[in-house]
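Enquirer: Below is one structure. I have some questions about it.
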Amino acid sequence: VVHAPVSDAAVALAQGSGPFGWGQSLQKLVREASGWAGLAIIGVYSFLIAVALPFPGEIVLAAELELPVPGWAEFALLVLVSSVFKAAGSLVAFWVGGRSAGPVTRWLKRSGIDLVKYGERATVKAARKWGYVGLAGVLSIPFFPDTITIYAFTTLEENYARFAAATFVGSAVRLLLVATVLAPFFDIG
């Protein structure tokens, strides 16, 4: 399987992420996802991390789907499904964030997650300088919670289609980057 070397790293990074005990259970469900139903689980998880869950999107790379297709096609499907569903989730976040100034961002701030301030600053700076390319670039940063970036960007832009496209591209680039460039550094098995 093309993405197997990332599994240990993604799992190790996800072990302590999120302020919830159920977060590890959800991430375990994603890691153990298999077959076509597993691909659906990856889609739902990717949607939820865009909308509300401050968990790492890279955990989807740990799934051993074992689909009846070649390994490269399975990997391509995984990246495609995760990116499409994250883009769809970003549209929901975009709508919610634009209507109520980011309730998830407010909740994250109250929860004490230090990345919120950094994420907002980095996102606002990138958005002002590079627009949607900046959003895609920030979303390409491995292991950074997408939820923070997406909600911070909702206050600056108004084009749903470009927002979704930038989220799709950033998500796909991130997964490809982690699975190809960073994978040799995380092969701890």
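Enquirer: Extension gain residue 37-residue 80, at 0.36 nm per residue separation less the Cα-Cα distance, in nm? Can you show the working numbers first?
Expert: Values: separation 43, 0.36 × 43 = 15.48 nm, distance 1.52 nm.
In short, 14.0 nm is gained.
Enquirer: Would you mind counting up the charge near residue 80? Only other residues with Cβ under 14 Å from its Cβ, with Lys and Arg at +1 and Asp and Glu at -1.
Expert: Numbers: positive: 86, 174; negative: 74.
Summing Lys and Arg as +1 and Asp and Glu as -1 gives +1.
Enquirer: Once you list every other residue whose beta carbon is under 11 Å from the beta carbon of residue 56, what net charge do they have if Lys and Arg are +1 and Asp and Glu are -1?
Expert: On the way: positive: 174; negative: 58, 146.
Cβ neighbours under 11 Å give a net charge of -1.
Enquirer: Using a 1.4 Å probe and counting only protein heavy atoms, arrange 129, 86 so the residue with the most accessible area comes first.
Expert: 129, 86
Enquirer: Here's something else I'd like to know. What order do you get for 67-80, 169-182 when each peptide is scored by the mean count of other beta carbon atoms within 10 Å, highest first?
Expert: Values: 67-80: 15.2, 169-182: 20.1.
Going by the mean number of other Cβ atoms within 10 Å, highest first, we get 169-182, 67-80.
Enquirer: Rounded if a/c is under 1.5, else prolate if a/b is larger than b/c, else oblate: which is segment 36-98, with a ≥ b ≥ c the root eigenvalues of its Cα gyration tensor?
Expert: Working: a/c = 2.88, a/b = 2.28, b/c = 1.27.
Prolate, since a/c reaches 1.5 and a/b exceeds b/c.
The values are calculated or read from the model by the stated rules, or taken from the named source; none is laboratory data. In this text the structure is predicted, and so the values were computed from the model without any measurement. No Cβ is skipped: glycine too gets one built from the backbone with ideal geometry, and neighbour counts run over all protein chains shown. These accessible areas exclude ligands, DNA and RNA; they are computed on the full protein's heavy atoms, side chains included. Shrake-Rupley method; radii C 1.70, N 1.55, O 1.52, S 1.80 Å.
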